[in-house]
Amino acid sequence: MKKLYFISLLFAFFLYGCKSEFEQFNEQSLTFATNDKSIDKKEYENLLEQISLSNEKGFQQFKDDKGKIDNAKVVSYLKKYFSAKNLAITAADIWQPENTATKADKFNINVFLENSASMDGYVKGVSEFETAIYNLLGDFKISGVCDSMNLSYINKNLLTQKKNALAPDIQDFIEKLEPSTFKQRGGDRSVSDLKNILNTVLKTVNNNNVAVLISDFVFSPGNKTDAQDYLNNQGVGIKIDFASKLSTFDLSAVVIQLNSRFNGLYYDKMDTPIPLKCKRPYYIWIIGNTKQISKILKTKMLDNIKGGYQNLLVFQKSRETNQPDYKILLSNQVGSFRLKEGAKGPICDSKKSDDSRTKGLFGFTVAVDFSNSLQDENYFTDTANFMLSNPKYSLKIEKITDKQNLSLSGFTHKLIFQTKALQDETLKIDVVGKVPSWVYESNSDDDASIAKNDTAQKQKTFGFKYLVEGVSDAFYPKSNAISVSSFNITIIKN
Amino acid sequence: MTKPRLYIFAIGGTGSRVLKSLTMLLAAGIKPEGETEFEIIPIVIDPHKSNEDLKRTDELILNYQAITREIGFDNGFFSTELSTPDKILKTKTKALGSFTFNLQQVAKKEFKDYIDLANLNEPNKALANILFSGKSINKRGEQIDLLDIEMDIGFVGNPNIGSVVLNQFKDSDEFKEFASNFNEADRIFIISSIFGGTGAAGFPTILKNIRDAMNNKNIDGKGFLQNAKIGAITVLPYFNIEKETDSPIQKSDFIAKTKAALSYYKDNVTGNNLVNALYYIADNYTGKAYKNDPGDGGQKNDAHFIELASALAIINFLEISDDALQTDEGSATCPIYREFSIKRDSTEIKFEDLEIGSEKKISLKLSQLSLFKKFIDEHLKSSKEKQAWSMDAPAIDDKFLSQTFYKTYLSDFLNAYGFWLAEMDLNRRGFSPFALKTKEELEVYIDNKSEEIQPFNPKSLTTFIKDKEVKQGWFKKTVDYSFFDDCLSKEAKGKNYNTAQAKFVKLFFETTKHILTSKFGFQS
Amino acid sequence: MRGNIISILVLSVVILLIAISGFSPIFEIGGLNPLIPVDLADHLRGYDITCSGYFGTVWYQYVGLIMIASTVLFYAIQYHIIDKPTFNQKHHLWIMIAFCMGFNFFIAFIFPYNSLQSGDYCKDLNFSVFNCAGFAFTNSVLCFVFYSLLTSLTIPRKLSRNCSHTTLLTP
């Protein structure tokens, strides 16, 4: 009898003791969830403690490179796990530590509205321009990212309209705007020296101040200068100003292109006024440090702009400190391989395909989470923005839209790689900072034909590319290989 | 330091049979209490060489010796040394066994020639005729005069003839050597029956010869013999004999002869304190009668309980301390007289019918030996080479079982033991403490000496001893052969045995002891 | 004696292997086992339900440990708990091994089968009920091997009273 007891004790001990900590974590979270269909603060903190105390590799997915726990990843995993276990628990049911921004994190926003004469057409009547900006400024206020807002008009001079603006002030600033009131607000409205405007605005940007610049960004060379030279000089000047700021400051900038009804006078490159009634682009620039810009982007305010935006472009100085989360998928293999050490690779036992349709090819798919990047998700669908260390690999990118597929949950894009030349190597995938194509599409080198009712030209912005390229060169000097994001995949044949 | 010796003079048929019982008891490991170990040297004095009993005892002792030669005396069973006289007696006794005293000149000789009647002078011749008048029968069954008896069938109930012949003992070389080898610590025991021929004559003759050693010109050297510690048992009538008018042996004569002998003893044995310890045993049982056969090839008597009890006297004698057996100038200073009794007068004696002393002495050990035999008969074949105890080195395997030790010596001995038990069981007064087969089966068994039939009732292990009940119950293990195997394996575990032979004997000794004490209620 | 040394050597190698790289090389026999295809192997190694890596339930470990523990238990039951002279022949041992193998087949089958039925596995991995049976068969064969090794060693056997000589071939 004693023998039996002893043996069964040993047996039970064996079984219990052999659960990994990660398995215990899974079980514990499941218990918490099934108890009351939610994870409250105490339970969540209990789970956090388990994660922080253990070194098991299962927990590494929740921690960043420095070992700090990323709550978003934890929540994301829990969601996936509960979903797999057929528990209807959403992120809302899981308590999360609030990112209560402390006073120190909040910053002031300086809003600069370019009020040169060319802007009148946007404010006639009730335009999308007014609505969008009014709502955006209102959103800034209620988002909690800023603790104060200063409103100014800018052209040759800086005219501060209101400091610490309140809602009525914003209304006043933009909504109630009409060309007449614009004129009234004063300043030299004749010329748009974009370089100077940008420089003035740049000077206001620091760790406590973010600048929001709204303008049509149309260069006005005038009839005195050669347009091409003017544009070039402006471009270089802007580059120098931005580069100078970048050398001492962790600068980031967001440029969004929006459309609005335009009813007024358009001044072409020769400064000839042309009456125009159509839809025209205008731009909002948000300039600050990376943290501030990141915060603003996270609030998704820009996505909520009334009427939406056409295009977005983000400039960032520093390479993202965190590697994007990625996962090599076992599905969609061209040829065959194994992931002996998990979804981060290396890709082992790789073999080319024998299948008649894909003979001689080797391919794999990587799901990547670009959601934490400053860049827009569309940025990552452009293969031109990717650089591979081995050019023999082809790349296709798909946005992940399938919400049902658990294994893709938490990832934003699928990168599909394929090659004919399979060899042992470490493939480096870089996302580079580039001027996106829409900038070139929106660019106009000669707006003279607007007078001749050139519809296409009406949608473009004269000299826009010079402006953007100038900024781009400052952020991404061609001499350095600066990548916005990067990760490696190791491939082993056998 | 050599062991002190016990010389046993087994006279006549009774002597042989008691000796046989003694051998069985010694084989079971029964021995006298006390620290002194004795070496037992049996000397059979019986001219009736074709005496079946003698033959059987002979074989038995030879087997016993063969067994102990191989395994020694430390194995529980067979733990007493039984030696042959030729160990100490240089003169080779040429007779049947090596321990039969060769009665000279008795083969094929008629008594009258022995006493050389023809050459006696007239007065002596007349005396002889008177002394030895009477009739007897010869070995062919014809009636003859007493003087014409051919002596190689003993003295057929005529101690008067026997005493004359047996007197030659004192002049023999054997006696001379015996005397010179006799040490102070040695003892002597004489077994004889009072109603027979050889026994009745031999006992006082030999006794006298021993006590008179100092005066014997034949021997020289130590005078220990004269003051030797002598014990003796005299077996009075205990069996019934068939009436056979033509036989010289008649039951009615037994009582008369007993009386005559006892009165002779009174003057010549007990009267002058020649014996230090004298044991008497008798039974007035009037049950089953023996066949009346004096002749050649005859006197094969079935074993009887009396013989077993007589053997106990020898054991008892060895337990008496030296101080109580003091002898001075050939005379016991304080002679002891003992009788044997049983608790209950039953016709088939079981252990519980014995007095406590006897029961304690023999019940456990005899049961052990019986259980040993029972296992060998009924279960050894199924266990060998299958159970742990058999496979542990040294192994009890087919090879072992085909060797002489088991195949011949031990098997023959145990077969004889089986017959001994069966005979005592069937006899009356019987001794049947064990559950043996039915009467008919046992008779077949004994008559055929068949080795295929085993004496024990194979039905179950638990009813093997008649008056001992095995405690069984819900939580107690069933006592069966599986249990036996388990006990054997348990006992054998971790023990080192020198040889398979020693292992076989010792293992079973210890295991049967364990089983009997733990399950059958024996006290160890 | 020589058999003893071989068994001890084999067992030590196996234990070392398990300590270093877990149970997978034992079951997969270095990838040569055709009964456990790659996808099932990944699942058994613990590829988790979100297809992110090997931090799910390592089924190999459970099955392996149960196999070892059950083999030791069955062995102990026959040799040390029951320990009877009527249950120590070689055919009795074969009977116990058969039961143990059956038990282990069942265990090794039921775990992946359960995962399959409940959908509790990374969907990128493809394996079938037939594969589960293949794994179960492998486990029962391993059980047999381990049992044979265990009963071939004299040391634990010697502690038994009646079964100290019981092996696959004797008595």
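The values are calculated or read from the model by the stated rules, or taken from the named source; none is laboratory data. On a predicted model such as this, the values are computed, not experimentally measured, just so you know. Here Cβ is always computed from backbone atoms with ideal geometry, including for glycine, and neighbour counts include all displayed protein chains.
Summary table
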{"quantity": "Test: C:LEU149 is more than 14 Å from chain A (Cβ to nearest Cβ) and over 23 Å from C:ILE26 (Cβ atoms)", "calculated": "no"}
{"quantity": "Residue under evaluation C:ASN131, criteria (1) farther than 30 Å from B:SER382 by Cβ; (2) touching a Ser or Thr at 6+ places or on another chain (Cβ under 8 Å); (3) more than 9 Å from every other protein chain (Cβ to nearest Cβ), criterion not met", "calculated": "(2)"}
{"quantity": "Residues satisfying the stated conditions in region C:47-80, i.e. more than 7 Å from every other protein chain (Cβ to nearest Cβ), free of Cβ contacts under 8 Å to residues at least 40 places away in the same chain and aromatic (Phe, Trp, Tyr)", "calculated": "C:TYR60"}
{"quantity": "Breaking point among (1) under 18 Å from C:CYS51 (Cα atoms); (2) within 11 Å of chain C (Cβ to nearest Cβ), for A:GLU21", "calculated": "(1)"}
{"quantity": "Given (1) among the hydroxyl-bearing types (Ser, Thr, Tyr); (2) modelled with pLDDT under 85; (3) over 21 Å from A:TYR282 (Cα atoms), number of the condition A:SER148 does not satisfy", "calculated": "(2)"}
{"quantity": "Looking only at region B:466-521, and only at residues there that are in a helix (DSSP H, G or I) and among the hydroxyl-bearing types (Ser, Thr, Tyr), the one that is farthest from B:ALA27 (Cα to Cα)", "calculated": "B:SER482"}
{"quantity": "Among (1) modelled with pLDDT of 70 or more; (2) surrounded by fewer than 24 Cβ atoms within 10 Å (Cβ to Cβ) - the single one B:ASP152 does not satisfy", "calculated": "(1)"}
{"quantity": "Test: residue in region C:20-35 that is more than 28 Å from C:SER160 (Cβ to Cβ) and within 10 Å of chain A (Cβ to nearest Cβ)", "calculated": "yes"}
{"quantity": "Residue among A:GLU377, A:GLU425, A:GLU398 that is acidic (Asp, Glu) and modelled with pLDDT under 85", "calculated": "A:GLU377"}
{"quantity": "Residue within region A:60-70 that is more than 9 Å from every other protein chain (Cβ to nearest Cβ), modelled with pLDDT of 75 or more, on the phi < 0 side of the Ramachandran plot and part of a helix (DSSP H, G or I) present", "calculated": "yes"}
{"quantity": "From C:ILE8, C:ILE20, C:ILE26, C:ILE82, residue being buried (at least 20 other Cβ atoms within 10 Å of the Cβ) and aliphatic (A, V, I, L, M)", "calculated": "C:ILE26"}
{"quantity": "Set A:LYS344, A:LYS403: member being assigned to a loop (DSSP other than H, G, I, E, B), within 14 Å of chain C (Cβ to nearest Cβ) and either basic (Lys, Arg) or farther than 26 Å from C:THR50 by Cβ (or both)", "calculated": "A:LYS344"}
{"quantity": "Filter result for A:LYS300 (at pLDDT below 85 and within 13 Å of the chain's Cα centre (by Cα))", "calculated": "yes"}
{"quantity": "Candidate set from region A:309-341 (those that are at the interface with another protein chain (Cβ under 10 Å from one of its Cβ atoms) and in a strand (DSSP E or B)); member that is nearest to the chain's Cα centre (by Cα)", "calculated": "A:ASP325"}
{"quantity": "Single residue of B:LEU371, B:LEU410 found to be assigned to a helix (DSSP H, G or I), touching a Ser or Thr at 6+ places or on another chain (Cβ under 7 Å) and not assigned by TED's automatic domain parsing to the domain that holds B:LEU308", "calculated": "B:LEU371"}
{"quantity": "Matching entry among A:GLY264, A:GLY237, A:GLY222 (being small (Gly, Ala, Ser) and part of a strand (DSSP E or B))", "calculated": "A:GLY264"}
{"quantity": "Residue tally, condition touching an Asp or Glu at 6+ places or on another chain (Cβ under 7 Å) and assigned to a loop (DSSP other than H, G, I, E, B), over region B:346-368", "calculated": "2"}
{"quantity": "From A:VAL254, A:VAL334, residue being within 28 Å of A:PHE462 (Cβ to Cβ) and either aliphatic (A, V, I, L, M) or touching a Lys or Arg at 6+ places or on another chain (Cβ under 8 Å) (or both)", "calculated": "A:VAL254"}
{"quantity": "In region B:485-504, the residues that are within 15 Å of B:PHE375 (Cα to Cα), of a type outside the set (Ser, Thr, Tyr) and within 13 Å of chain C (Cβ to nearest Cβ)", "calculated": "B:ASP485, B:ASP486, B:CYS487, B:LEU488"}
{"quantity": "Region C:6-50: number of residues that are in a loop (DSSP other than H, G, I, E, B), closer than 18 Å to C:SER140 by Cα and in contact with an Asp or Glu (Cβ under 8 Å, 6 or more places away or on another chain)", "calculated": "1"}
{"quantity": "Qualifying residue in region A:403-424 (condition: under 30 Å from A:LEU276 (Cβ atoms), under 24 Å from the mean Cα position of the chain (by Cα) and of a type in the set (Ser, Thr, Tyr))", "calculated": "no"}
{"quantity": "Hey, A:VAL111 aliphatic (A, V, I, L, M), surrounded by 15 or more Cβ atoms within 10 Å (Cβ to Cβ), within 30 Å of A:LEU276 (Cα to Cα) and in contact (Cβ under 8 Å) with a residue 12 or more places away in the chain or not", "calculated": "yes"}
{"quantity": "Matching residues, region B:466-477, being within 24 Å of B:GLN387 (Cβ to Cβ) and surrounded by 13 or more Cβ atoms within 10 Å (Cβ to Cβ)", "calculated": "B:VAL470, B:LYS477"}
{"quantity": "Exclusive hit being within 14 Å of another protein chain (Cβ to nearest Cβ) and surrounded by fewer than 18 Cβ atoms within 10 Å (Cβ to Cβ), set A:SER83, A:SER148, A:SER76", "calculated": "A:SER83"}
{"quantity": "Matching residues in region A:156-188 - criterion: being under 24 Å from A:ILE256 (Cα atoms) and touching a residue at least 60 places away in the same chain (Cβ under 8 Å)", "calculated": "A:PHE173, A:ILE174, A:PRO179, A:PHE182"}
{"quantity": "Pick from region A:347-364, criterion surrounded by fewer than 20 Cβ atoms within 10 Å (Cβ to Cβ) and among the polar types (S, T, N, Q), ranking: nearest to the other protein chains (Cβ to nearest Cβ)", "calculated": "A:SER353"}
{"quantity": "Pairs where the first residue, in region A:279-303, is assigned by TED's automatic domain parsing to the domain that holds A:LEU246 and the second is among the basic types (Lys, Arg) and part of a loop (DSSP other than H, G, I, E, B), C-beta under 8 Å, 6+ apart", "calculated": "A:PRO281/A:LYS460; A:THR290/A:LYS317"}
{"quantity": "Selection from region A:54-66 of residues that are under 24 Å from the mean Cα position of the chain (by Cα) and not aromatic (Phe, Trp, Tyr)", "calculated": "A:GLN61, A:LYS63, A:ASP64, A:ASP65, A:LYS66"}
